[in-house]
Amino acid sequence: MDSLGQDIKHGLRMLVKKPGFTLVAIVTLALGIGANTAIFSVVNAVLLRPLPYPNADRLVAVSENSLKAPDISVAYPDYLDWRAQQTVFEEMSARMPTGGVITGASEPERVIGRLVTPSFFTTLGVQPMLGRAFTEAENNPGSSPVIVISHGVWQRQFGGAADIIGRSITYNGEPWTVVGVMPPWFDFYGRANINNDVFTPLGRLNNLEFMQDRNSHTVRVTARLKPGVSIEQARAELSALSARMATQYPSSNAGVGATTRSFLDDYIGDQRQSLRVIFTAVAFMLLIACANVANLMLARATTRRREIALRLALGASRWRIVRQLMTESLVIALAGGAFGVLLATWGIKLLSQLDVGELSRLDEVSIDGRVLGFTFLITLVVGVISGLFPALQNSRLGLNEALKEGDRVSSAGSGGRLRRSLVAAEVALALMLLVGAGLTVRSFDRLTSVEPGFDPHNVLTFRMRLPDAKYKEASQTVAFCRQAMARVSALPGVEHVAVATGFPLGRAFDNGYLVEGQPEPLPGRGSVAFRQDVSEDYHNALKIPLLEGRLFNAQDTEKSPLVVIVDQEFVSRSFPNEPAREVLGKRLRFGGDSEGWREIVGVVGHVKQSGLNEESRAQIYRPWTQITPKWKADFTRATDMIVKTSVDPGGVIAAIKREIRVVDKDQPIAQVQTLDDKLSESIAPQRFTLLLLTIFALIALLLASAGIYGVMSYAVSQRTREIGVRMALGARPLDILKLIVRQGMSVVVIGVGLGLAGAFATTRLMASLLFDVTAKDPVTFALVTAVLAIVALVACYVPARRATKVDPMVALRYE
């Protein structure tokens with residue numbers, strides 16, 4: 001410990017003597033360590049930290065799949081059969097979204113929640129902080145209405161009243177008894193889902209037709225594995241049960257299977273792969289920083305050859321010299337790590353302010369014990385990597401030669417080869433990072449160039465939910481919507497107003513369909529389309545182009561012939577050899593619906609319904625007035641309104657709220673957002689990945705160019721006498737320039753070759769993150785190589801040009 005203390009003190013003195021070197025080395029490592037710490041804190045929060053449920057690793061998500069879709073919701077009867085027959089789960093639960101309006105307490109509030117089975121809470125292993133969850137008796141049709149509310153609703157609507165349990169509240173115009181309040185931390189599915197305001201018993205709907213229909217996939221299922229049971233065993237059993245049900249119910253379950261995955265994987269979705277790519281990028285950046293610092297230490301160590309030779313001559317062992325130099329390296333690394341943690345703290349704050357889309361658990365990102373342990377570990381590794389080779393190199397000195405040369409050394413030999421090798425490694429890693437960033441840039445450019453099929457400019461959307469008890473009949477809901485549309489249409493600056501079951505980048509509903517005259521499909525192989533029920537001005541509000549036929553009008557009522565409008569994708573799929581105009585007059589029928597055939601009266605352009613990078617799916621539009629009365633009431637009680645304005649939509653929100661409240665004083669609006677914002681939000685994950693990869697790649701390019709410049713500058717300074725001799729013997733400045741640049745670029749060429757090979761091998765990891773660009777896109781590889789070559793050429797040219805300024809007489813006299 002005494003000798004270690006001496007090494008540390010001596011190392012600190014040596015570092016203080018060279019403040020420029022010390023500062024550059026610390027800042028270089030701080031950039032690499034800080035970036036790794038910040039990104040690891042995200043990886044830790046999203047992927048590594050357990051979800052806040054007991055034994056969360058035993059939670060799984062279960063869904064169904066078909067030949068047409070790999071992941072669909074579960075039919076409620078299928079869930080009941082699974083639950084009754086399975087042997088691998090402690091508990092299974094089902095849920096589906098719901099919503100309504102709470103009135104009579106504070107201001108009317110649109111709340112979004114879930115219909116859940118009583119087993120929902122026991123499956124997760126969480127209970128209300130106040131009161132209780134539901135009983136099985138409360139999960140039956142006709143049972144007394146009971147509700148569990150979130151901590152937020154309890155605070156906002158009821159001021160955190162202590163007597164809330166057992167109190168009757170008005171939800172959707174009916175009295176519901178509050179039996180529980182959830183803890184403040186409970187945020188099921190976090191940012192990825194907002195349906196956490198209220199929870200009501202799902203089984204109260206069990207007498208409804210769609211709940212008993214195996215063709216109606218409406219619920220999501222969460223289950224808890226029994227201790228000792230693996231997810232593979234669960235998959236095998238559910239697959240066997242699904243196969244049995246396909247035989248038992250061939251008309252609905254043929255071709256339908258089960259999908260089982262960990263709850264965490266279902267929770268984070270596609271985020272795992274993007275985080276892996278980003279984390280790999282910062283790891284490469286850290287390696288480049290290590291190589292840079294190692295080169296700095298090699299260059300600095302050559303100026304200490306005489307000092308090291310004297311210490312060896314005075315009896316110091318080689319291990320003692322290595323330990324001293326390694327101690328200095330670790331001191332620099334620890335200082336860089338400490339500074340890196342500060343940079344990471346700032347970076348995490350910056351990340352929280354970025355638009356990252358639906359990145360789950362972002363609010364949980366912090367520098368905790370695991371992150372600090374990771375940072376300390378990589379700091380030690382960085383210290384060893386950046387200091388080991390220089391320490392070993394300089395502990396193998398020839399005493400006579402070193403004492404004779406003093407501080408005048410050549411860049412030739414193994415030390416020079418090691419520095420050039422490190423530069424080649426830097427160039428290779430930088431090229432790999434630049435290729436990744438370039439592919440992301442190209443992908444993002446292609447994505448943002450996609451035509452969405454609608455005009456999002458100055459379009460405002462919001463959702464309304466009318467109370468069930470107050471609007472029981474379809475005529476009541478239709479009257480409300482017509483009055484609301486009329487009043488909003490009359491506002492200054494409003495051009496078009498429509499109501500719909502959804503809108504682009506919002507919600508949409510899958511619906512199977514049959515085309516008249518075409519063969520009946522086999523079970524599980526029917527065609528599926530997005531279905532929207534819309535009012536007359538919907539397509540005008542979104543500027544969806546009419547290609548053939550007509551749009552809906554006021555004459556399309558429940559008493560007129562049934563009609564639909566289809567899109568280009570529908571025509572190409574269902575009538576691949578016919579022009580769009582020939583489709584007019586043909587008829588289709590929705591699968592599972594009891595209504596009759598509908599005539600196609602119009603063909604419109606295709607809309608990117610789920611996102612700019614979606615796989616195209618056919619779209620069918622139905623007039624909102626031609627839904628059967630029961631479903632018309634249900635639809636219009638929970639409807640989206642689309643408002644197209646000629647002015648800034650934000651300026652009319654207050655007026656729209658006021659006009660809606662004139663029609664019904666208890667009707668709030670919720671999820672108010674412009675389509676421009678929705679469009680921007682839909683590409684936020686890709687923009688987030690692009691931003692980080694580009695930043696890391698540019699830092700890597702800067703570090704690599706600094707490494708090239710440093711090595712060439714050092715080589716020039718060590719070859720002053722040689723250059724002077726060459727020029728004294730008649731070498732022209734251009735000859736010297738070519739010599740230095742050629743030697744520097746030879747190292748770069750080696751690095752580029754290694755980098756291209758590495759990029760070809762590693763970019764396949766990014767394939768799932770790219771849009772309309774291959775992971776081996778030749779244009780990206782060529783452009784990135786050219787940019788790196790130009791930057792490297794400049795880094796070589798500057799010290800080479802300085803070499804041409806050497807005065808031969810001065811150089812020879814100095815030597």
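Assorted remarks:
- If you take all other residues with their beta carbon under 10 Å from the beta carbon of I544, and give Lys and Arg +1 and Asp and Glu -1, the sum is -1.
- Alpha carbon Rg of segment 1-143, scaled by the compact-globule rule 2.2 N^0.38 Å: 1.94
- Taking the accessible area of segment 709-815, probe 1.4 Å, and keeping the other protein chains in place, the carbon and sulfur fraction comes to 69%.
- Most to least accessible of M129, M464, M745 (protein chains only, probe 1.4 Å): M129, M745, M464
- Ligands, DNA and RNA left out, the accessible area of segment 476-594 computed with a 1.4 Å probe is 48% carbon and sulfur.
- From the Kirkwood radius over Cα pairs of the chain, Stokes-Einstein at 20 °C and 1.002 mPa s returns a whole-number translational diffusion coefficient of 68 µm²/s.
- Accessible solvent surface per residue of segment 534-636, calculated while the other protein chains remain in place, 1.4 angstrom probe, Å²: 43
- Shape category assigned to segment 573-680 from the gyration tensor of Cα positions, a/c cut at 1.5: oblate
- Evaluated at q = 0.09, 0.22 Å⁻¹, a Debye calculation over the C-alpha positions of segment 485-593 (equal weights, vacuum) places log10 I(q)/I(0) at -0.29, -1.47.
- Close amide-amide hydrogen proximity is noted between R95 and R220, each under 5 Å apart and 5 or more residues distant or on a separate chain (H modeled in the peptide plane; Pro and chain starts excluded).
- Solvent exposure of segment 671-810 as accessible area per residue, Å², 1.4 Å probe: 48
- Cleavage-rule hits, trypsin sites (Lys or Arg not before Pro), segment 420-496, DSSP coil, Cβ neighbours within 10 Å at most 16: K472
- Surface composition of segment 66-223: carbon and sulfur atoms hold 49% of the protein heavy-atom accessible area at a 1.4 Å probe.
- Accessible area (Å², 1.4 Å probe, nearest 10) - F771: 50
- Cα centroid separation, segment 102-154 to segment 468-547 (Å): 30
- Listed by chain and number, the lysines whose C-alpha is less than 18 Å from the C-alpha of K472, apart from same-chain residues fewer than 8 away, are K630, K632, K665.
- Amide H to amide H, with H built 1.01 Å from N, E548 comes under 5 Å of V603, counting only residues 5 or more places away or on other chains.
- Table column - 3J(HN,Hα) (Hz), segment 493-498, Karplus curve with 6.51, -1.76, 1.60, x for Gly and Pro: x, 8, 9, 9, 9, 9
- Evaluated at q = 0.17, 0.22, 0.23 Å⁻¹, a Debye calculation over the C-alpha positions of segment 533-634 (equal weights, vacuum) places log10 I(q)/I(0) at -0.80, -1.28, -1.36.
- Around V497: net Lys/Arg minus Asp/Glu count, Cβ-Cβ under 12 Å: -2
- Here K9 is the anchor, and the lysines within straight C-alpha reach of less than 17 Å, apart from those fewer than 8 places off in the same chain, are K17, K18.
- Solvent exposure of segment 470-509, expressed per residue, is 43 Å² of accessible area, with all protein chains present and a 1.4 angstrom probe.
- In summary, the lysines within cross-link reach of K543, defined as a Cα separation below 21 angstrom excluding same-chain residues under 8 places away, comprise K608, K644, K678.
- With the helix formula -39500 (n - 2.57) applied to DSSP H stretches of n ≥ 4, the chain reaches a computed 222 nm mean residue ellipticity of -16500 deg cm²/dmol.
The values are calculated or read from the model by the stated rules, or taken from the named source; none is laboratory data. Predicted model, so just to flag it, every value in this text is computed and none were measured. Counting neighbours? That spans all protein chains shown, and the Cβs are built from the backbone with ideal geometry, glycine included. For accessibility, only protein heavy atoms count, side chains too; no ligands or nucleic acids. Shrake-Rupley method; radii C 1.70, N 1.55, O 1.52, S 1.80 Å.
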